[in-house]
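Here is the structure we will look at.
The values are calculated or read from the model by the stated rules, or taken from the named source; none is laboratory data. This structure is a prediction, so every number in the text was calculated from the model and none was measured. A quick note on method: Cβ atoms are made from the backbone with ideal geometry, for glycine too, and the neighbour counts reach across all protein chains shown. Ligands, DNA and RNA are stripped out before the accessible areas are found, and what is left, the full protein with its side chains, is counted by its heavy atoms. Shrake-Rupley method; radii C 1.70, N 1.55, O 1.52, S 1.80 Å.
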Amino acid sequence: MFWKQKKAPPIRSLIGEGTVLRGDVQFHDGLRVDGEVYGDITPAGGDNSIVVVSVKARVHGRVRARHVIIGGEVLGPIDSDGLVELQPTARVVGDIRYEALEVHPGATIEGELRSLKSADKPALVLAASNSG
């Protein structure tokens, strides 16, 4: 992929397998989710952040970070001003806003994909048909 990314920050926080967390999560640098989160996941600061939602993980809420890697399930929107990677086991039910997107075969998305690059472009307008 031609997209340039800053060096990935270290994963400093972990929500372990078998853990159920109810409430919003803020993190610094990197976060890995192996358990279940009922709430939004957002970086606490800085412009270089990463969230990894592993194969066994489930998030019920918004996921926001510069780099988002999904291997499990996200039931909510995903916002990234960088790269969103959807692994073959990923399931997303929600809209995805991204700068760059990588979708592996097998990943499922039930929602709208919206590139941040297209935000400056006018909406597509279809010409009227000539029948009449």
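Out of all the residues in the stretch 76-105, which are open to solvent by less than 60 Å² (accessible area, probe 1.4 Å) and within 21 Å of Gly39 (Cβ to Cβ)?
Once the filter is applied, which keeps residues that are open to solvent by less than 60 Å² (accessible area, probe 1.4 Å) and within 21 Å of Gly39 (Cβ to Cβ), the stretch 76-105 yields Gly76, Pro77, Ile78, Asp79, Ser80, Val84, Ala90, Val92, Val93, Gly94, Ile96.
Test Arg12 against the criterion of being touching an Asp or Glu at 6+ places or on another chain (Cβ under 6 Å), surrounded by fewer than 20 Cβ atoms within 10 Å (Cβ to Cβ), without any contact (Cβ under 8 Å) to a residue 24 or more places away in the chain and assigned to a strand (DSSP E or B), and give yes or no. Outline the logic, then answer.
On the way: touching an Asp or Glu at 6+ places or on another chain (Cβ under 6 Å): yes; surrounded by fewer than 20 Cβ atoms within 10 Å (Cβ to Cβ): yes; without any contact (Cβ under 8 Å) to a residue 24 or more places away in the chain: yes; assigned to a strand (DSSP E or B): yes.
Yes: the conditions hold for Arg12.
Looking at the structure I just gave you, is Asp81 assigned to a loop (DSSP other than H, G, I, E, B), closer than 18 Å to Leu116 by Cα, touching a helix residue (DSSP H, G or I) at 6+ places or on another chain (Cβ under 8 Å) and not polar (S, T, N, Q)?
yes
Given the conditions (1) touching an Asp or Glu at 6+ places or on another chain (Cβ under 7 Å); (2) assigned to a strand (DSSP E or B), which single one is not true for Val52?
The single condition Val52 does not satisfy is (1).
Please identify the pairs in which a residue from the stretch 31-52 that is closer than 17 Å to Leu21 by Cα has its Cβ atom under 8 Å from the Cβ atom of a residue that is surrounded by fewer than 16 Cβ atoms within 10 Å (Cβ to Cβ) and hydroxyl-bearing (Ser, Thr, Tyr), counting only partners at least 6 apart or on another chain.
Leu31/Ser13; Arg32/Ser13; Asp34/Thr19; Gly35/Thr19; Glu36/Thr19
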